[in-house]
Amino acid sequence: MTRDFFKRTSCRACLAKSLTPVLSLGRQPLANAFVRAHDLTKSEKTFPLAIEFCGRCSMVQLSHVVNPAVLFADYHYLTSASAPLIEHFSSLANTIASHVSVHDLVVEIGSNDGTLLQALKGRCRVLGVDPAKNVAWRAVSLGVRTIPTFFSNALAEEIVRKEGAARVIVANNVIAHIDDLDDVVRGVRTLLDAKGFFLFEVHWVGNLIGKGGFDQIYHEHLSYFSLHALSTICTRFGLVLADVTVVPIHGESLQVTVRKSGSPSRRVHSLLQKERKIGLTRVSTYRTFARKVETTRRTLRTLILDLRKEGKTIVGYGAPAKGNTLLNYVRFTSKHLTYITDTTPLKWDRFAPGSHIRIVPPERLRTHRPDYILLLAWNYAPQILEKEKVLRKRGTKFIIPVPSVRII
Ligand code: TMP
Ligand code: ZN
């Protein structure tokens, strides 16, 4: 792919050509492209951000795909920086370990900084695959063998030749980042031992539509999966979607087990049934969601503009990628939010992409007491409200934007 982005014209899950647009969030820069001060005057690259629905298999996907070389050029998301993920991965490692012996090969697609494989090392042979070289290097320095490239069927063939088939293949929070799913699923089929299993986790579209926020839509997330769409892909490749559980990661994620033979568990049937019941297979559900998102935009914009007219100071709390989708969709700038605090030193003194609001250390809130705080890291609301008790006692109010605007 030599262009920066392209319009996807077919469903990634069933290859149907008729997709229905349901929600557009406008043209936006990449959600993780925090801007350095000396680049502020340069124009930013922006890309269309919109989702489409496939009426044939219930897949939801972005209308446009950004070239992965552009998207992941400066990737600095580290699994090990998230305490809940470390805990989740260590229990996942124990589950996997109970199914393998020391000679078995476990391959992780999108192994990031090696958090999961490190926990498995010594209990089986481990091999990571991750194209983000700066991140893969960290895994290697921890002693986790990592191939710094994209997973593909060609790579799977090479691994089988050199190391034999894999007893387990794992892929967490990475399947939604892949455009050419066919090549990856074909690669899984090539690499997987006849008795092995493929275990992966993806954010569930039911969470996006229900309790989740539209701000989880950004260019890195190409697919918003239902179990229906996942089961369509498995069927096309002669694989069995053997089991599924809903896990509390990023709201609600699906933890899916795929095998080469057998039949789907009762849990698979009941989740498919639930998806039909809550309307994930109908376009009208996504249209209702889009209307709700537009209401959030109007409510939030009116609220912030009114508060600014009254002379109130407003700042942002947390600068996650999703916060940038929200800020750019609602078209907020430093005229609306004076600054955004974040605990990540890498983000300090950079500016949020698009909105160009400065990111500062959280200590700023100890010397400057704003009237209102827009909670961009709303997924941590309970912890943050508790942590900021003193600030709230002194009169600062929190605005929680998602799933609907609330002031606390
Ligand atoms: P995440 O949702 O990908 O974990 O990102 C959360 C972001 O919010 C991350 O940049 C760190 C930031 N953050 C704070 O600034 N303060 C907090 O108390 C928490 C929990 C997160
Ligand atoms: Zn489809």
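For the stretch 1-120, what does the alpha-carbon gyration tensor say about shape, rounded, prolate or oblate, given a ≥ b ≥ c as the root eigenvalues, a/c under 1.5 as rounded, and a/b over b/c as prolate? In terms of gyration-tensor shape, oblate. Taking every alpha-carbon pair under 8 Å whose residues sit at least 6 apart, the stretch 96-146 reaches a relative contact order of 38 percent. Considering the stretch 293-337 at the alpha-carbon level, its Rg and Dmax are found to be 10.5, 30 Å.
Only Cα pairs under 8 Å and at least 6 apart count here; give the relative contact order of the chain as a rounded whole percent. Computed value for the chain: 15 percent relative contact order. By the beta carbon rule, with partners counted only under 4.7 Å, the chain holds these lone Cys residues: Cys124, Cys234.
Shape of the stretch 104-192 from its Cα gyration tensor (a ≥ b ≥ c, root eigenvalues): rounded if a/c is under 1.5, otherwise prolate when a/b > b/c, or oblate? Cα axes put the stretch 104-192 in the oblate bin.
From helices alone, the chain scores -9500 deg cm²/dmol at 222 nm; the rule is -39500 (n - 2.57) for each run of n ≥ 4 DSSP H residues, then divide by the residue total. Per residue, the average separation of C-alpha pairs within less than 8 Å and at least 6 apart gives the stretch 282-393 a relative contact order of 27 percent. By its C-alpha gyration tensor, with a ≥ b ≥ c as the square roots of the eigenvalues, how is the stretch 296-408 shaped: rounded for a/c under 1.5, else prolate for a/b larger than b/c, else oblate? It is rounded, given that a/c, with a ≥ b ≥ c, falls under 1.5. DSSP assigns beta bridges within the chain; of those with both partners inside it, close to 50 percent run antiparallel.
Mean-square fluctuations from a GNM of the chain, with a 10 angstrom spring cutoff on Cα atoms, peak among Val106, Val246, Val60 at Val246. Taking Cβ atoms as reference points and 9 Å as the exclusive limit, the residues near Gly196 contribute a net charge of +2, counting Lys and Arg as +1 and Asp and Glu as -1. Listed by chain and number, the aspartates and glutamates placed with their C-alpha closer than 18 angstrom to that of Lys312 are Asp371; residues fewer than eight positions away on the same chain are left out. Rounded to the nearest Hz, the phi-derived 3J(HN,Hα) couplings of the stretch 389-405 under the Karplus curve 6.51 cos²θ - 1.76 cosθ + 1.60 (θ = phi - 60°) are 3, 4, 4, 5, 4, 7, x, 6, 9, 9, 9, 9, x, 10, x, 9, 5, where x marks glycine and proline.
Ignoring the sites themselves, the chain has its longest run without GluC sites (Glu not before Pro) in a DSSP loop having at most 16 other Cβ atoms within 10 Å at 45-309.
Within the stretch 176-265, list the trypsin sites (Lys or Arg not before Pro) lying in a DSSP loop whose Cβ has at most 12 other Cβ atoms in a 10 Å radius.
Here the trypsin sites (Lys or Arg not before Pro) that fit, given the DSSP loop and packing criteria, are Lys211.
Bridging of Lys309 to lysines at a Cα separation below 22 Å is possible for Lys335, Lys397, once same-chain residues fewer than 8 apart are set aside. Please check: in the Gaussian network model of the chain (C-alpha springs, under 10 Å), which one of Ala377, Ala194, Ala321 has the largest mean-square fluctuation. Sorting by GNM fluctuation, first place goes to Ala194. Among beta bridges from DSSP that stay inside the stretch 201-260, the antiparallel ones total about 90%. Find out how many positive minus negative residues lie around Phe398, taking Lys and Arg as positive, Asp and Glu as negative, among other residues whose Cβ is under 9 Å from that of Phe398. Surrounding charge for Phe398 is +2.
Computed over the stretch 193-266, the alpha-carbon pair-distance distribution with 10 angstrom bins reads 19, 48, 26, 7, each value a whole percent.
Electrostatic bookkeeping for Ser98 treats Lys and Arg as +1 and Asp and Glu as -1; over the other residues with beta carbon under 14 Å from its beta carbon, the sum is +1. For the chain, the share of alpha carbon pairs falling in successive 20 Å distance bins from zero is 26, 57, 17, 0 percent.
In square nanometres and to one decimal, what's the mean projected area of the convex hull around the Cα atoms of the stretch 196-351?
The orientation-averaged projected area of the Cα hull of the stretch 196-351 comes to 11.6 nm².
Taken over the stretch 189-234, the alpha-carbon convex hull comes to 97 cubic angstrom per residue.
Quick note: the coordinates plus some simple rules give every number you see, no bench work behind them. The model shown is predicted, which means the values in this text are computed figures rather than measured ones. Using ideal geometry, Cβ is built from the backbone for each residue, glycine included, and neighbour counts are taken over all protein chains shown.
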